[in-house]
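Have a look at the structure below, then the notes.
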Amino acid sequence: MSSEDAQQDATGGPDGGRTVRVVLVDDHRMFRTGVQAEIGETGRTGVEVVGEAADVDQAVTVITATRPEVVLLDVHLPGGGGVEVLRRCAALSADAERPVRFLALSVSDAAEDVIGVIRGGARGYVTKTITGSDLVDAIFRVADGDAVFSPRLAGFVLDAFASTDAPPVDEDMDRLTQREREVLRLIARGYAYKEIAKQLFISVKTVESHVSAVLRKLQLSNRHELTRWAAARRLV
């Protein structure tokens, strides 16, 4: 055990014995299990995981029942995505006495995903490459009302909110689901199907289905045309 771990064990967490109650919202059970193992040892981290959910309806039910201080929220969820969870939990976020604060935790580093959940009410956005200790720190900071972002993502938010013009509507992109957009970006970046499946925690067959849907909706013939389409929109 490191000296830092020993100190955290002695104080009951990294913040002098304080405990932050957290709900994990992600549609991949194995990922939730991994996060739970990484941050959920309350005596060491000060984080108490009080609930989990795999889709929008479950998330709203669990968050309402447990009233955590922080929700770790995936952007892409069955039932409408993280933005829908934020919309349906807006009253809990606005509660002056016991606000529920949201920290997006996603594999996606796309500007529109970051901006979408921040506009929806999340206090921060970190990617799934974050370390366990940094995630614990982010949770405590968000619980205290701070805004927390993975390094390069903060620029997306600053640029979006500094602009007085609304972002242009891309009707082609609007045809795609959030998951299809994720697959589109990874395909355009040259990832193989197996690599995409591993990164998104889905099967290769599911990746193939998403690619077929994207090609059909965008009226493209192959991944080379798809890559050019994505590059033209600066999505790569």
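The values are calculated or read from the model by the stated rules, or taken from the named source; none is laboratory data. Quick caveat: nothing in here was measured; it's all calculated off a predicted structure. Cβ: placed from backbone, ideal geometry, glycine included. Neighbour counts: every protein chain shown. Heads up: the accessible areas ignore ligands, DNA and RNA and are worked out on the full protein's heavy atoms, side chains in. Shrake-Rupley method; radii C 1.70, N 1.55, O 1.52, S 1.80 Å.
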Check on Asp9, in contact with a Lys or Arg (Cβ under 9 Å, 6 or more places away or on another chain), modelled with pLDDT under 95, farther than 21 Å from Val114 by Cβ and open to solvent by 50 Å² or more (accessible area, probe 1.4 Å): yes
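What is the residue count in region 35-48 for residues that are part of a strand (DSSP E or B) and buried (at least 19 other Cβ atoms within 10 Å of the Cβ)?
Selection size over region 35-48: 1.
Among Val157, Val169, Val114, Val183, which is the only one that is open to solvent by 70 Å² or more (accessible area, probe 1.4 Å) and at pLDDT below 90?
Details: Val157 fails: open to solvent by 70 Å² or more (accessible area, probe 1.4 Å); Val114 fails: open to solvent by 70 Å² or more (accessible area, probe 1.4 Å); Val183 fails: open to solvent by 70 Å² or more (accessible area, probe 1.4 Å).
One residue alone meets the criteria, Val169.
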The one condition in (1) under 27 Å from Ile187 (Cα atoms); (2) surrounded by fewer than 24 Cβ atoms within 10 Å (Cβ to Cβ); (3) touching a Lys or Arg at 6+ places or on another chain (Cβ under 7 Å) that Lys128 fails to fulfil: (3)
Top-ranked residue of region 124-144 - restricted to ones that are in a helix (DSSP H, G or I) and among the aliphatic types (A, V, I, L, M), ranked as farthest from Arg98 (Cα to Cα): Leu135
Residue check for Arg87: more than 16 Å from Leu24 (Cβ to Cβ), touching a residue at least 12 places away in the same chain (Cβ under 8 Å) and open to solvent by 50 Å² or more (accessible area, probe 1.4 Å): yes
Verdict on Asp95 being in a loop (DSSP other than H, G, I, E, B), touching a strand residue (DSSP E or B) at 6+ places or on another chain (Cβ under 9 Å) and not β-branched (Val, Ile, Thr): no
Residues within region 199-236 that are hydroxyl-bearing (Ser, Thr, Tyr), open to solvent by less than 80 Å² (accessible area, probe 1.4 Å) and in contact with a helix residue (DSSP H, G or I) (Cβ under 9 Å, 6 or more places away or on another chain), tallied: 3
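Being more than 18 Å from Ala65 (Cα to Cα) and in contact (Cβ under 8 Å) with a residue 12 or more places away in the chain narrows it down to one of Val100, Val117, so name that one.
Details: Val100 fails: more than 18 Å from Ala65 (Cα to Cα).
Result: Val117 is the single residue among Val100, Val117 that is more than 18 Å from Ala65 (Cα to Cα) and in contact (Cβ under 8 Å) with a residue 12 or more places away in the chain.
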Failed criterion for Ala65 (all others in (1) at pLDDT 95 or above; (2) assigned to a loop (DSSP other than H, G, I, E, B) hold): (2)
Sole residue being touching a Pro at 6+ places or on another chain (Cβ under 7 Å), of a type outside the set (Ser, Thr, Tyr) and not in a loop (DSSP other than H, G, I, E, B), chosen from Arg32, Arg21: Arg21
Selection count where residues are within 17 Å of the chain's Cα centre (by Cα) and closer than 22 Å to Asp144 by Cβ, scope region 70-92: 8
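Open to solvent by 50 Å² or more (accessible area, probe 1.4 Å) and in contact (Cβ under 8 Å) with a residue 40 or more places away in the chain, is that true of Asp146? Give the steps one after another, and end with the answer.
Values: open to solvent by 50 Å² or more (accessible area, probe 1.4 Å): yes; in contact (Cβ under 8 Å) with a residue 40 or more places away in the chain: no.
Judged against the criteria, Asp146 is not a match.
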